[in-house]
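**Q** Structure incoming, see below.
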There are 2 protein chains.
Amino acid sequence: MFRDEHNTSPVAQAHTHALGTHILLELDHCPQALLLEKEQLESALVESATQAGAHVVKSVFHQFSPHGLSGVVVIAESHITVHTWPEHSYAAIDIFTCGEPDIAQRIQDEIGRRFAPATCSAKTIMRGPSNH
Amino acid sequence: MFRDEHNTSPVAQAHTHALGTHILLELDHCPQALLLEKEQLESALVESATQAGAHVVKSVFHQFSPHGLSGVVVIAESHITVHTWPEHSYAAIDIFTCGEPDIAQRIQDEIGRRFAPATCSAKTIMRGPSNH
């Protein structure tokens, strides 16, 4: 479902101490209910985190007027963020994890199942101190 | 202070509808107080947002054991996140904004003033529906 586009830029390669895995998702043509309804969006992301084995610390979601949602799920492994643009049927989701490397991928898979976007891209960036 | 490394990969260039500006910061050799003390870190990021003209909706910060902090400042313009690794004197900060394009840069400038990292890199990625 996701087209993986791992970052291979000189910037990413310069990181000798990768501490975090950061996946940037662009989800196009998502179900409108997930882009418009705060409770549905929050449930989808909290469930994605827990089903993937992450540990939810807190979630904060905010409804904008006239529409559009922002949300953060703080997890013990780092965070998931989302911003929706219902008028573009689009959501930007970030998954940032530290520790066990597979967990970011598992969260991505769970999100893919719940959002089922028509098209999307996934970009992975390893985060850590720069190689100076 | 920041070395800007704007993303010029084909992935970023394929976005014809940029809706959000996302700056990824890797801050090396930050002051330990900002990496270890939750209240100081939260104040630094909330003040960076407000001084830059952003509108803070809520902030959530979490202290890990034995050390390390995660935090999110939800702003009307989107979000700021931070994760610290005091043992590496390192912090990963993300600034995600929509609307007025200059605000992400102003937040970055405010963070740079407060964290004064010895070295860091900044990478800008435009977020939006993929060009399918």
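**Q** Along Cα-to-Cβ, 7 Å out, sits the label point; list in nm, shortest first, how far the one on A:ALA116 is from those in the other copies.
**A** Computed spacing set for this position: 5.5 nm.
**Q** Now a separate question. What nm distances, shortest first, do you get from the label point of B:ALA76 to those in the other copies when the point sits 7 angstrom along Cα to Cβ?
**A** Nearest to farthest, the other copies are at 3.7 nm.
**Q** If you split all Cα-Cα distances of the protein assembly as shown into 10 Å bins from zero, what percentages do you get per bin, shortest first?
**A** Reading upward from the zero bin: 7, 34, 40, 18, 1.
**Q** What shape does the range B:59-132 take by its C-alpha gyration tensor, where a ≥ b ≥ c are the square roots of the eigenvalues and a/c under 1.5 counts as rounded, a/b above b/c as prolate, and the rest as oblate?
**A** Verdict is prolate for the range B:59-132.
**Q** Continuing with this model, one more query. Give me the one-decimal nm value for the distance between modelled label points at B:ASP109 and A:ALA33, 7 Å along each residue's Cα-to-Cβ direction.
**A** Using points 7 Å along Cα→Cβ, the separation is 4.6 nm.
**Q** Suppose the chain between B:GLN63 and B:ALA118 were pulled fully straight at 0.36 nm per residue; how much longer would it get relative to their current alpha carbon spacing?
**A** Extra length from B:GLN63 to B:ALA118 when fully extended: 17.4 nm.
**Q** Here's another thing I want to ask about it. Of A:PRO101, A:PHE115, A:HIS17, which is farthest on the positive side of the dipole of chain A, counting Cα position, with +1 on Lys and Arg Cβ, -1 on Asp and Glu Cβ, and the Cα centre as origin?
**A** Going by the charge dipole, the pick is A:HIS17.
**Q** Under 27 Å between alpha carbons, and skipping anything fewer than 8 positions from B:LYS123 in its own chain: which lysines qualify?
**A** Qualifying lysines at Cα under 27 Å: A:LYS123, B:LYS38, B:LYS58.
**Q** Calculated from DSSP H runs of 4 or more alone, at -39500 (n - 2.57) each and per residue, what is the 222 nm mean residue ellipticity of chain A, nearest 500?
**A** Result for chain A: -8000 deg cm²/dmol, rounded to the nearest 500.
**Q** Shortest first and in nm with one decimal, please list how far the A:HIS17 label point sits from its counterparts in the other copies (point 7 Å along Cα→Cβ).
**A** Counterpart label points of A:HIS17 in the remaining copies fall at 4.2 nm.
**Q** Let me ask something else about it. Compute the distance in nm between two label points, each set 7 Å from the Cα along the Cα-to-Cβ direction, one at A:VAL56 and one at B:ALA76.
**A** 2.8 nm
**Q** Rounded, prolate or oblate: which fits the range A:14-72 when a ≥ b ≥ c are the square roots of the eigenvalues of the alpha-carbon gyration tensor, with rounded for a/c under 1.5 and prolate only if a/b beats b/c?
**A** Note, shape of the range A:14-72 comes out prolate.
**Q** What area, in nm² and to one decimal, does the C-alpha convex hull of chain B cast on average over all directions?
**A** For chain B, averaging the hull's shadow over all directions gives 7.9 nm².
**Q** Which of B:PHE96, B:PHE115, B:PHE61 moves the most in a Gaussian network model of chain B with Cα springs under 10 Å?
**A** B:PHE61
**Q** What residue of chain A has the nearest C-beta to the axis that moves A onto B, and what is that distance in Å, given as a whole number?
**A** That would be A:VAL72, 2, residue then distance in Å.
**Q** Taking Cα atoms, how many degrees apart are the long axis of helix B:38-51 and the longest axis of chain B, rounded to 10 and kept between 0 and 90?
**A** 40 degrees
All of the numbers you see were taken from the coordinates with simple rules; none came from a lab. Fair warning: this is a prediction, and the values are worked out from it, not measured in the lab. Every residue, glycine as well, gets a Cβ built from its backbone with ideal geometry; the counts of neighbours run over all protein chains shown.
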